[in-house]
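Heads up, the thing below is written out as structure tokens.
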Amino acid sequence: MARARTTPLVVLFAGSDPSGGAGLELDLKVHALFGVHAAAIATCQTVQTAMRVLAVAPRSVRDANRQIAALALSASFCVVQVGMVADSAWIERLARLAAQDREVPWIVDPVFAPTSGPRALPTRVLDLYRRRLVPRATLLTPNAVEAAELLGVELARVRRDPESVATELLALGPAAVLLKGGHLAARGPVIDRLRGRFGARDFVQRRQAGVAPRGTGCALASAIAASLARGRGLVSAIERAERWLAVARAQARTIGSGRPYLGLPRP
């Protein structure tokens, strides 16, 4: 009998998007494309369409604890990826999990509020997120809006001086920060800035015309996590993810009404 091949395991903690355009549902698709097995644990349930998020409801951490324990027994995690969390209980639970094995890379995408719709994470617990979860991140992947919230500054300041903002984000404790450039300017190329322990690198992409597809942040974090799980270093993983996302954006398509859905090309 032939031996089964070992497949890398990534564990996803994020919100569930029943429309399939973002969150866990999109993360799972991206990991499958990259040849990685992803286990998914929902931190919250959302009600959303391609136009907007209508509601966010945190899931009980107590209900999820048995799932987390069962996963830890069944296989070793290669990478942990965190997206939307919606309350303090989840922040504390994830921080404790990260402290158990500091060798496992954590990709933390700070999803606080959708482009259109109610907040996911209440502003009153932002400080807890900064203190307990951000320092556990191997890579923190905020856009300009999320960076402003993390630092408690105006969005205009992030746009005016992204270099200083990246430095201030690093001071919060993550090993590296990828400050995404999609919201930094309305025109010109999109520049994602990697700063931190792994060096400084700018990833430049042509800004694509038209309405931005849904789920680009989720997809980028997933592509990075999957590439790390496949054995690439962080810079190489980001390079591959950026190239793939550019193609996925170019292949975006509309399903019904609202914003386009990303294409799902093979990497």
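The values are calculated or read from the model by the stated rules, or taken from the named source; none is laboratory data. This structure is a prediction, so every number in the text was calculated from the model and none was measured. Neighbour counts run over all protein chains shown; Cβ positions are idealised from the backbone, glycine included.
The figures follow:
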quantity	calculated
The listed residue being part of a helix (DSSP H, G or I) and not β-branched (Val, Ile, Thr), out of Ser257, Ser236	Ser236
Region 213-224, residues that are of a type in the set (A, V, I, L, M) and in contact with a Pro (Cβ under 8 Å, 6 or more places away or on another chain)	Ala223
Criterion: touching a Gly at 6+ places or on another chain (Cβ under 6 Å) and under 26 Å from Val85 (Cα atoms) - qualifying residue of Leu155, Leu184, Leu170	Leu170
Enumeration of residues in region 56-91 that are in contact (Cβ under 8 Å) with a residue 40 or more places away in the chain, in a strand (DSSP E or B) and either among the β-branched types (Val, Ile, Thr) or surrounded by fewer than 19 Cβ atoms within 10 Å (Cβ to Cβ) (or both)	Val56, Val79, Val80, Val82
Residue match in region 43-54 (condition: among the aliphatic types (A, V, I, L, M), closer than 22 Å to Pro142 by Cβ and within 16 Å of the chain's Cα centre (by Cα))	no
Pairs, first closer than 25 Å to Val11 by Cβ and in contact (Cβ under 8 Å) with a residue 60 or more places away in the chain in region 109-125, second among the charged types (D, E, K, R) and part of a loop (DSSP other than H, G, I, E, B), C-beta under 8 Å, six or more apart	Pro114/Arg52
Matching residues, region 168-209, being surrounded by fewer than 17 Cβ atoms within 10 Å (Cβ to Cβ), of a type in the set (Gly, Ala, Ser), touching a residue at least 12 places away in the same chain (Cβ under 8 Å) and farther than 17 Å from Arg157 by Cβ	Gly173, Gly188, Gly199
Residues of region 165-200 that turn out to be in a loop (DSSP other than H, G, I, E, B) and among the hydrophobic types (A, V, I, L, M, F, W, C), as a count	8
Selection from region 105-131 of residues that are among the hydrophobic types (A, V, I, L, M, F, W, C) and touching a strand residue (DSSP E or B) at 6+ places or on another chain (Cβ under 6 Å)	Trp106, Ile107, Val108, Ala120
Residues being under 18 Å from the mean Cα position of the chain (by Cα), assigned to a loop (DSSP other than H, G, I, E, B) and among the small types (Gly, Ala, Ser) - total across region 119-162	2
Any hit, region 201-215, residues being under 30 Å from Glu103 (Cβ atoms), at pLDDT 95 or above, in a loop (DSSP other than H, G, I, E, B) and within 16 Å of the chain's Cα centre (by Cα)	no
Selection from region 105-153 of residues that are at pLDDT 95 or above, under 25 Å from Gly188 (Cα atoms) and either surrounded by fewer than 19 Cβ atoms within 10 Å (Cβ to Cβ) or among the aromatic types (Phe, Trp, Tyr) (or both)	Val153
Considering residues of region 222-260 that are hydroxyl-bearing (Ser, Thr, Tyr) and at pLDDT 95 or above only, the residue surrounded by the fewest Cβ atoms within 10 Å (Cβ to Cβ)	Ser236
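Yes/no per residue for (1) polar (S, T, N, Q); (2) under 17 Å from Ala223 (Cβ atoms):
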{"position": "Leu9", "(1), (2)": "no, yes"}
{"position": "Ser16", "(1), (2)": "yes, no"}
{"position": "Ala22", "(1), (2)": "no, yes"}
{"position": "Leu33", "(1), (2)": "no, yes"}
{"position": "Ala40", "(1), (2)": "no, yes"}
{"position": "Thr46", "(1), (2)": "yes, no"}
{"position": "Ala57", "(1), (2)": "no, no"}
{"position": "Ser74", "(1), (2)": "yes, no"}
